[in-house]
Amino acid sequence: MQNILIFSGTSEGRELARRLADNGISVTVCVATEYGQEVMAQEEDSRQIRVRTGRINEEQIRELLADHDWDFVVDATHPFAREASENIAKACEKQGQRFLRLLREEEPAYSDAKITYVDSAVQAAAYLNHALGTIFLTTGSKELAEYVKGIQDISRLYVRILPNAAEVENCRRLGLKGKQIICMQGPFGTELNLAMIRELQASILVTKETSRAGGFAEKLRAAEEAGIETVVIRRPKETGYSIAEILERLGIAEQKSPVQRQIILAGTGMGTLSNFTREVYQACQNADILIGAERMLEPVKFMGKPMKKLYRSKEIADYIKAHTEYQKIVILLSGDVGFYSGAKKLREEIIKRTETAASAEKMENIQISQLCGIPSPVYFAGKLGIAWEDFALMSLHGRQQNLIGTLQSRGKVFALTDGAEGIRRLSRELITYGLSQVQMYVGFLLSYPQEEILWGKPEDFLNYDKEGASVVILSYEKERDYILTPGIQDEEFVRGQAPMTKEEVRSISLSKLALSRASVVYDIGAGTGSVAVECARLCLAGTVYAIEKKKQALELLEQNKRKHKVWNLEIIPGEAPEAFAELPAPTHVFLGGSGGRLLEIVRELWKKNPGVRLVLNVISLETLREVMEVMKSMSFSKKEIVQISVAKAKELGNHPMMMGQNPVYVITLQK
């Protein structure tokens, strides 16, 4: 069994000790402080790693080397612990001991106008002496004497140190007062660093160029958010070996498990870093590469990660497929990955590319996960101080959705829009459909410094000209009057001379159609549009095509479309079946009139969708004969004939008289 001595002061030193012990090697770890002993305690208990605590000089190191037969000594002390490294190197040389230096992973370079780099505490002190304002020193107390010596007014100095008596005593001895000493154990997150900067009203933060584990990035981010300067003491240049290289030199061949590529689809909220969740922020910190549109990447540039500006799903998937050197990939998406996001399509594209490029076994080594972001309706509702659980959530961003009908039935709608033109177009439509009293709330560049929240009526936004990401909340108080059941009273329709299906017959016909929320409906021979209007009200996520050849009826259709606010009703001039040749395939068809071409119409409908459900209203015996011929010549899974006779009371003097309407055959056919 090999016997290894590690002088540790870094997370890499702890990791090396763990991996050596896992390979059955006897490990002794020397740490200088009680804090170092605490963080090694778990490894000591679980892996029988021996821990020695206390600072030792060159002579004491030589004695330790002489007392045991060490196969190797590893210097894993902190890069800034120069004296310790020098003592270890000299002692090993004098004892003829084989010796290796463990290097920390290089951190990416950070460039910012408010970061000043220096090479030592002495240089930092000289710079700070001429700078103005309160200084927040986060480098501990070890080199505090250099700052006290170099800064003329030490009352400006606040120092954060480990919570132990020796560190506090050192600060006191150098002349710092109690209020200038902050005893805390890190590492610290951005939020806590930022809170301390603000509490101290610091103008400058001083840090060493440490590793990710030491919270270096979090300090820089806090200083950036606070708008203060950062003085960074560069890490000393040195030579040595990585953990993997040291294990190789010790003759340890670790069993390598297949490398699993991790692809994270991360929602970034509104876009600013303050909107990132902790999970998303940490995922970015741990990533090998960040991918996304330029607006998504901008907030995390300070992390110094490799970045690729892409936003199309296919391009992203192709890039991931081609660049297998990246194992931890984070793709940044706006808002939340579950709210009108590109995450679904992107996930499908990545899986498609990977399946075609790799075997099933390799697919097991790819993990795709998603991290939620703060969606814009949640953020906007919070800004307005209103609840959002009763919102209908919609998107008009490159989509066609029935916002008019949804607003009438739900009362509150949140919608993503196509910028300024999207807001103007929506305002015009609200006015056109008689919804000019709707309350509009428009959010512009939410979460950004340019954020604006405006409110008013649709007419107030007809000339809206703010180019950029805009969202809208609509509130319609009359939604409580919205009637859900079919059977609009006949007198509610603009009639003219065009034929109209009466309300009682209409209600039964609609029930036979068996519509769904997203049905695509043809109303052939639409007349005034009474059936088409009712279908459009029921199929809020669908589309109704009213096909009519008579000019007078087309004008009535347009009037009734506006009056009943059915945005999803499309009026198609012409005669069936030619008029519907270019239309999407229907799921349901109501036939109010066929012009003697019933068989031809039915055949064309079945070509477009063999499963289409047909409901016909028949009054004349001639048309009934046509229907019977169709029923005889073809087979059906559903065929039904219902005859309806309706009588309605009419006042004659003081007495109601029942007046009969023409009997109607309601026929349902499905192939």
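Overview of values
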quantity	calculated
Matching residues in the stretch 111-161 - criterion: being under 18 Å from Arg235 (Cα atoms), assigned to a loop (DSSP other than H, G, I, E, B) and out of contact with any strand residue (DSSP E or B) (no Cβ under 6 Å at 6 or more places or on another chain)	Ser111, Asp112, Asp119, Ser120, Lys142, Glu143
Matching residues, the stretch 82-97, being more than 16 Å from Thr239 (Cβ to Cβ) and either assigned to a helix (DSSP H, G or I) or out of contact with any helix residue (DSSP H, G or I) (no Cβ under 7 Å at 6 or more places or on another chain) (or both)	Glu83, Ala84, Asn87, Lys90, Ala91, Lys94, Gln95, Gly96
Hey, Ser509 closer than 22 Å to Val602 by Cβ, surrounded by fewer than 16 Cβ atoms within 10 Å (Cβ to Cβ) and either under 38 Å from the mean Cα position of the chain (by Cα) or in the same structural domain as Ile644 (by TED's automatic domain parsing) (or both) or not	no
Boolean, Tyr110 is buried (at least 17 other Cβ atoms within 10 Å of the Cβ), modelled with pLDDT under 90 and within 20 Å of Ala223 (Cα to Cα)	yes
Failed item in (1) touching a residue at least 40 places away in the same chain (Cβ under 8 Å); (2) touching a Ser or Thr at 6+ places or on another chain (Cβ under 7 Å), with Lys638 passing the rest	(1)
Out of Glu225, Glu298, Glu245, sole residue that is free of Cβ contacts under 8 Å to residues at least 60 places away in the same chain, charged (D, E, K, R) and closer than 20 Å to Pro79 by Cβ	Glu245
Number of positions in the stretch 514-524 that are over 40 Å from the mean Cα position of the chain (by Cα) and closer than 23 Å to Gln401 by Cβ	1
Scan of the stretch 378-392 for residues that are closer than 29 Å to Val533 by Cα and surrounded by fewer than 17 Cβ atoms within 10 Å (Cβ to Cβ), ordered by number	Asp390
In the stretch 1-35, the residues that are at pLDDT below 85 and buried (at least 22 other Cβ atoms within 10 Å of the Cβ)	Gly9
Cβ pairs under 9 Å, 6+ apart, first in the stretch 251-270 and surrounded by fewer than 16 Cβ atoms within 10 Å (Cβ to Cβ), second modelled with pLDDT under 70 and not aromatic (Phe, Trp, Tyr)	Pro258/Glu361; Pro258/Lys362; Pro258/Glu364; Gln260/Glu364
Only one of Glu534, Glu479, Glu504, Glu558 that is within 19 Å of Gly434 (Cβ to Cβ) and out of contact with any helix residue (DSSP H, G or I) (no Cβ under 9 Å at 6 or more places or on another chain)	Glu558
The stretch 529-568: number of residues that are in a strand (DSSP E or B), in contact with a strand residue (DSSP E or B) (Cβ under 6 Å, 6 or more places away or on another chain) and of a type outside the set (Gly, Ala, Ser)	4
Enumeration of residues in the stretch 52-80 that are of a type outside the set (S, T, N, Q) and surrounded by fewer than 18 Cβ atoms within 10 Å (Cβ to Cβ)	Arg52, Gly54, Arg55, Glu58, Glu59, Glu63, Ala66, Asp67, His68, Asp69, Asp71
Flag for Val39 being at pLDDT below 85 and closer than 22 Å to Lys142 by Cα	yes
Enumeration of residues in the stretch 278-333 that are more than 17 Å from Arg261 (Cα to Cα), of a type in the set (Gly, Ala, Ser) and at pLDDT below 90	Gly304
The stretch 15-27 residues that are assigned by TED's automatic domain parsing to the domain that holds Met40 and of a type in the set (Asp, Glu), paired with ones that are in a helix (DSSP H, G or I) and modelled with pLDDT under 85 (beta carbon under 8 Å, 6 or more apart)	Asp22/Arg47
Candidate set from the stretch 525-565 (those that are aliphatic (A, V, I, L, M) and within 41 Å of the chain's Cα centre (by Cα)); member that is nearest to Tyr482 (Cα to Cα)	Leu538
Residue check, Lys550 of a type in the set (Lys, Arg), surrounded by fewer than 23 Cβ atoms within 10 Å (Cβ to Cβ) and either touching a Gly at 6+ places or on another chain (Cβ under 6 Å) or more than 24 Å from Val664 (Cβ to Cβ) (or both)	no
Residue in the stretch 471-487 that is surrounded by 13 or more Cβ atoms within 10 Å (Cβ to Cβ), more than 27 Å from the chain's Cα centre (by Cα) and of a type in the set (D, E, K, R) present	yes
Residues located in the stretch 425-468, provided they are in contact (Cβ under 8 Å) with a residue 60 or more places away in the chain and in contact with a Ser or Thr (Cβ under 9 Å, 6 or more places away or on another chain)	Tyr441, Gly443, Leu446, Ser447, Tyr448
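The values are calculated or read from the model by the stated rules, or taken from the named source; none is laboratory data. Note that the structure is predicted; figures quoted are calculated from it, not measured. Here Cβ is always computed from backbone atoms with ideal geometry, including for glycine, and neighbour counts include all displayed protein chains.
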